[in-house]
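First the structure, in the form of structure tokens, and then the observations on it.
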Amino acid sequence: MRIHFHATLRDAVGGREPDLAFPPGTTVQALLDAVTSRWPEARRLMLDGEGRLFRNVHVFVNGRDARYLADGLATALAEEDALDLFPAVGGG
């Protein structure tokens, strides 16, 4: 699967496409758990104090926000899936 990190998450994980490999069937939540365990800075940018994804952090699976998929963050991923992770962005 292809996993792209955007904006400040790129810096937190060492690039747009860091060396990550997950077997088919891995859930979105398991992928997030692995990423935030490996890179504490990504955890700070993505998760609240209780380990939940911040509302303004988005994980897209094949262009669709994972929160709105039938199984949400429990969605199982396939080898051909594309994921894009976007941190909170402020501006004005």
### Query
What full-extension length gain, to one decimal in nm, is calculated for ALA78 and GLU17 as 0.36 nm per residue of separation minus the Cα-Cα distance?
20.2 nm
### Task
Report the trypsin sites (Lys or Arg not before Pro) located in segment 5-92 that are in a DSSP loop and have at most 15 other Cβ atoms inside 10 Å of their Cβ, or state none.
ARG16, ARG52, ARG55
## Note on the structure
Square roots of five times the C-alpha gyration tensor eigenvalues of segment 38-78, ordered largest first and given in whole Å, equal 20, 11, 10
### Query
Pulled fully out, how much extra length does the chain show between GLU50 and ALA7, if you take 0.36 nm times their separation in residues and subtract their Cα-Cα distance?
13.1 nm
### Query
What residues qualify as long-range amide H neighbours of HIS58, i.e. H under 5 Å apart, gap of 5 or more or another chain, H built at 1.01 Å from N?
PHE86
### Query
Any idea what diffusion coefficient the chain gets from Stokes-Einstein, in µm²/s, Kirkwood Rh on alpha carbon pairs, 25 °C, 0.890 mPa s?
186
#### Entry: Ranking of MET46, MET1 by count of other Cβ atoms within 10 Å, fewest first
MET1, MET46
### Query
For segment 5-62, what is the charge dipole size about the Cα centre, in debye to the nearest 20, if Lys and Arg each add +1 at the Cβ and Asp and Glu each add -1 at the Cβ?
100
### Query
Counting only residues 5 or more places away or on other chains, whose amide H sits under 5 Å from the amide H of LEU77 once H atoms are built in the peptide plane?
GLY25, THR26, THR27, VAL28
### Query
For the chain, what relative contact order do you get, as a whole percent, if you take Cα pairs closer than 8 Å and at least 6 residues apart?
42
### Query
What ranking do VAL57, VAL35, VAL89 get, fewest neighbouring Cβ atoms within 10 angstrom at the top?
VAL89, VAL57, VAL35
### Task
Using a cut-off of 14 Å between beta-carbons, work out the net charge of the residues near ASP71 (Lys and Arg +1, Asp and Glu -1, ASP71 not included).
0
#### Entry: Mean residue ellipticity (222 nm) of the chain, computed from DSSP H runs ≥ 4 via -39,500 (n - 2.57), nearest 500
-7000 deg cm²/dmol
### Task
Please turn the phi angles of segment 69-77 into ³J(HN,Hα) values with the Karplus equation 6.51 cos²θ - 1.76 cosθ + 1.60 (θ = phi - 60°), one per residue in order, whole Hz, x for glycine and proline.
6, 3, 9, x, 6, 8, 4, 7, 9
### Summary
GLU41 neighbourhood, Cβ < 12 Å, K/R = +1, D/E = -1, net charge +3
### Task
Mind pulling the angle between the C-alpha long axis of helix 28-38 and the longest principal axis of the chain? Nearest 10 degrees, somewhere in 0 to 90.
50
### Task
Hey, can you grab everything whose amide H is under 5 Å from the amide H of ILE3? Only 5+ residues off in sequence or another chain; H modelled, so Pro and N-termini drop out.
LEU83
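Bear in mind that the values in this text are calculations on the coordinates, not laboratory data. Just so it is clear, the model here is predicted, and its values are computed rather than measured. All Cβ positions, even for glycine, are placed from backbone atoms using ideal geometry, and neighbour counts span all protein chains on display.
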